[in-house]
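In what follows, a structure is listed as structure tokens, so that the remarks can point back to it.
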Amino acid sequence: MSNAAKTAIGGMATALSVVLLLPTVLDVLYIALPAAAGMIVLFCVIELSRGWAFGVYAATSVISLLVIPNKEAALLYVLFFGYYPIIKGLIEGKIKNRFLEYVVKVLIFNVAVFVAEYVFFKIMNIPLTEFLDVEEGTFLAKYAIPILFAIANVMFFLLDFLYTASVTLYLNRWQKVFRKMFKFK
């Protein structure tokens, strides 16, 4: 594939990723849509290369931080969902022990969660009670961080499974259609 074709696909992938992040003004989608935008990066890893996928991630990150109204959603993309599809394949290809592979993935995810928590609550000064929309001093406010942390880790395993299943589905079913539609090998 020529560099011009890769640039065109990368540009379309970046634009689609930013468009996916725009509706995050709806609070319920501010995690789901960055994860969906990460699927586009995953597609770029398969069809272009890790380098081109990183370019899509970087461009989407910069643009989303500038134009997306929901900065939390943009930061979730920047701090995890955008680059994870790039390193997922590296981890799975380099580490042959399945248990160790998941230990590394969970470690990367949890570091990203801690960085996101620090950015949201310390740098952006978002009060936890406002972030969760709960009353100060309630059970949920007191134990919110450990509860969210546990839920986030369960959701991470679901996300990793979803990404793997999507790659399998794409390679087995949709790759031929995509390549025929865009006329490349």
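The values are calculated or read from the model by the stated rules, or taken from the named source; none is laboratory data. Note that this is a predicted model, so its numbers are computed, not measured. No Cβ is skipped: glycine too gets one built from the backbone with ideal geometry, and neighbour counts run over all protein chains shown. What goes into the accessible areas is simple: the full protein's heavy atoms, side chains included, and nothing from ligands, DNA or RNA. Shrake-Rupley method; radii C 1.70, N 1.55, O 1.52, S 1.80 Å.
General observations
- Of all residues in the range 26-61, those satisfying the criterion of being farther than 11 Å from residue 85 by Cα and β-branched (Val, Ile, Thr) are 28, 31, 56, 60.
- Among residues of the range 78-99 that are closer than 14 Å to residue 44 by Cα, those with a beta-carbon under 6 Å from a residue that is in a helix (DSSP H, G or I) and open to solvent by 70 Å² or more (accessible area, probe 1.4 Å) at least six positions away or on a different chain give the pairs 86/50; 86/54.
- Exclusive hit being buried (at least 19 other Cβ atoms within 10 Å of the Cβ), under 28 Å from residue 8 (Cβ atoms) and touching a Phe, Trp or Tyr at 6+ places or on another chain (Cβ under 8 Å), set 77, 57: 57
- Some residue of the range 39-53 being aliphatic (A, V, I, L, M), more than 28 Å from residue 178 (Cα to Cα) and in a helix (DSSP H, G or I): no
- Selection within the range 60-74: residues that are within 14 Å of the chain's Cα centre (by Cα) and surrounded by fewer than 23 Cβ atoms within 10 Å (Cβ to Cβ). The member of this set that is farthest from residue 4 (Cα to Cα) is 72.
- Members of the range 97-112 found to be farther than 22 Å from residue 78 by Cα and of a type in the set (S, T, N, Q), listed by number: 97
- Members of the range 22-51 that are at pLDDT below 85 and open to solvent by less than 30 Å² (accessible area, probe 1.4 Å): 24
- Of the helices (runs of 4 or more DSSP H) lying entirely inside the range 82-173, those containing at least 3 residues that are open to solvent by 80 Å² or more (accessible area, probe 1.4 Å) and either of a type in the set (Val, Ile, Thr) or modelled with pLDDT under 80 (or both) span 139-169.
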